[in-house]
Every structure is written in structure tokens, then in C-alpha cells.
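Report on the following structure.
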Amino acid sequence: MVMKKLLLSILLSALSVAHVVQAEPLILEVDLEGALGVATAEYIIGGIEQAEARQAAALIIRMDTPGGLDAPMRDIIQSILASDVPVVTYVFPGGARADSAGTYILLASHVAAMAPTTHLGAATPVSMMGGGDFSPGGPAEPLENIGGEEEEPDNAKADNETAPESTAMERKVLNDAISYIRGLAEAHGRNAEWAEEAVRNAATLTATDALANNVIDIIVEDRDALIMALDGREVSLNNQAFVMVTEGAMIEKIEPNWRQKILNTIASPEIAILLLMIGLYGLLFEGYNPGAILPGVAGVICLLIAAYALQVLPVNYAGLALILVGMILIVAEAFVPSFGALGLGGLIAITFGSIMMFDTGVPGFGISITFVIAMALLAGGFLYWLASFLVKLRRRGPVSGRESITGRIGTALESFDSEGHIWLDGESWAAGSRVSIEKNQQVRVISVDGLVLQIEPLTESHPAGSELTT
């Protein structure tokens, strides 16, 4: 009896192990589309962490990006290098690209795959100050001289010693990027020399050339072909050999959560400028109508959200300064009415500031000139309406108190010689006159004595229609 129980236990254990072995492997997939920013990096890193937690066979990053920001790129690469799960970056579909920051991520991945008619490269770092790409002060050094022992000529040393500080900083950034991308390529046995060219001279390669030059690992038509190509492939995972098992894998796509979608939408140059303008006009309206509350609250909220967007976007500080000046001018219009002069100056400053602020050369973070012109025309129309409205208010004269009644036209309710009643603005008023007034005769208010209106007949010398002029 005991022997039967023991044999049954062994059989159940074997069946359990066989079930585990035969279970379908899980592969998770995330998308890196468009410019790489803070929210996108959070989404990709979250996908890597989820793949580790669920012990997935691999994580696929489907890529089509023009590049993006340096800090989010480095965060993603750190997560890839520390991952316990193989990360496969796949440039797909046909026509997609892995430019700039995308090239770094592709080379850092355990498997670098591309679809036909895709390309990568152009990985030269770009100035966050809007000065263009960082390139050395002189011509690029040939690859065969890099790392050689040949001494630098004396005149070159002298030039370097007297080089401007900006050039020295550019060289530091460029050399840092070169060493970084070479390290990523060497970690997976890929072509480090070409990787350096991608940074130094913004070199690019098609998928076919990239495979021929040992820059990527495989070219596959679609995701199914990729899964088949990955099965049994050996990769270096945390400096240890790891054989991937992907046959019959179940693919599960990870979608960004609501927070990441909102942050990704906000971190757009157009949205940031739009929020900035809404915030400014909200404060402007609140300044002209104290106590309205809603415009002021909405304006402050929009400005704070815009401040977050500007914090995570690459901006040119000269453009940002122009926008701040424009903000001050528009807000000043609310407190020092100039019939649109200050507002127009602020609008011009914000328009040129918007064009300059996002003209940094960082891929994927430019601003459409069409959007800026449309926004300027809309804002200009609003300022024109506002100025016209203020002029009308000034010409209208008083709207309350005795001054608002003087000069108004009423109708006699009865005939009287000195005292009677007239109809004015939907009310019956006591009135006094030095001359006789006939019933239904139009009269003009010439003064107010307490609650009694002093009137006179409306004559040809005071035609109707001039009652608003005092």
C-alpha cells in the first residue's frame, strides 16, 4: 500500500513537471513610437519590470523613433542592461527608423532586429540650447587613427589650449557619447567602429547594410518570423550565456496606463504652448473681471501644467525668455489698459519665442510653424476683439448712478405743466418740467434731483439717437 502511494506521488510529480515544461512561454511587447520622452521611458521601463516579474521568455520593443532626449534614453538602457529577461528591439514596420537615441537603445539590446526597408543611425548628440549637433571643432578624425599612439601635433595642442570654452564642452559631450555607444556595441559583439561613426559623423545604415556590417543580429519580415528566429538563440544576459526558448510563445502587448498617456500628451510642444496661452488669457480675463474666479483658476492650472511640460521638453532659453516677456506684457494689459498695445507686443513676443524655444534640433520635439501662425492669428483676433470692446465701453459712458440717467430719452405718461410722470427704461419716474408736456411726448432728462427727473421736450435741436452723448 505504501509502495503504491509512493509510485502515485512520483507519477503526479512527473506529470506536474511535464506540464510546466510544456507550458507556452510568454513574450511581452511594448511600442516605442515617436519621440522618446520622459513618459515613454517610464512606459518602456515598466514593461521591462513587468517582464521580469512574470518571468517572461523575452520582451520585445517594437521601435519606430526619430530619437529623443538623452536622460530618458539612458534610463531605458540601464534597465535593459540590468534586466534578467532578454530584451529584443525590433525596428518595424517597413519604413520605420531607429535614429539618434533609437540607435543607442538598439545596440544596447540583447537582440537587435530590423525589418526590411528600415534604417538606423544619425546618433550625434544635439545641443539642448538649440545650437545644433555637437561636432568637434575641426574635421572628424579618421577611424583608423582613433585610439592610436600617434602624438598630436604641437599646433593642434596649441589650438586645443586656446579653444573656446563652448568648443571644449562640445568635445566633452561628443567624446562621452562615442565612448558610451562603443561600450554598448562591444557588450554584444557588434561593430563598435561603425557605432562611433554614427555619433561622430551621423552615419546611417539600411537594415541590409547593418546586418552585413555586424551592427544588428537579424532581419525578419514580421513578428512571427522574429519569434521563430529567436528560438534557441544564445545571448549574453548579465554576463552569462542564456538560451532563449520562444517556440509556441504567447504574445501579450503592454499598453501605456492612463497616467503615461496623459503625460505623453502634455509633453508636446504644441500642447505646452496651447496650455500656456490658455493660462495667460485666463489670467487676463480675470484681471478685467475681478471675482469671475473660474477664468483665474483655470488659467493658473493651465500655466502649472505648461510649466511641467516645459520642464521635460528641450527648450531654447532665449525663446523661453521671450515668452516670459510676452506673458508679462499680456498680464500688464489687464491692469494698465493700453487698448491692445501691450497685448499686441506680448503676442509678438510669445509668437517668436514659441518658434525659437523648440528650435533645438532634438528629433521629434520641433514645433510646426503652421501651428504657431494659426495660434498667433487666433490670439491676434482675440486681442482685437478685446481692444474694440474696451473702446466701446469707454464711448458708452456711465452705466450706473445719476450720470447714467442724464441725457436719456423717456415718454410722458400724462399731460402736465410742471410735475408729472414719465416712462423710462421700463419704470415710471416722477418728473418736473418748466414747460408744458403732452401725453406720449418724448422728453429728455437734463438733471436728477433726488428721485425726481428734470426734463425738457425732445425738439429738433436734440434729435433722437443723440441721447447717449453727454
| said: Test of understanding: extend the Cα→C-beta vector of T206 to 7 Å, then name every residue of the range 93-123 with backbone N under 16 Å from that spot. | reply: 94-98, 114-121
| query | At a Förster radius of 22 Å, what calculated FRET efficiency corresponds to the Cβ-Cβ distance of L324 and N289, to the nearest 0.05? | reply | 0.35
| remark: P(r) of the range 402-457 over all Cα-Cα pairs, 5 Å bins starting at 0, rounded to whole percent, reads 5, 24, 40, 23, 6, 1
| Proxy reagent accessibility, fewest Cβ within 10 Å first, across W429, W258 | W258, W429
| R0 = 60 Å: FRET efficiency of I348 with A168, Cβ-based, nearest 0.05? | 0.95
| said: Quick check: net charge around A210, other residues with Cβ under 14 Å of its Cβ, Lys/Arg +1 and Asp/Glu -1? | reply: -3
| remark: Between Y317 and V297, Cβ-based FRET efficiency (R0 25 Å, step 0.05) works out to 0.30
| said: 7 Å from Cα along Cα→Cβ at both W385 and S179: what's the point-to-point distance in nm? | reply: 5.8 nm
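Here, each number is a calculation from the coordinates, and none is a lab measurement. Because the structure is predicted, anything quoted here is derived from the model rather than measured. Cβ: placed from backbone, ideal geometry, glycine included. Neighbour counts: every protein chain shown.
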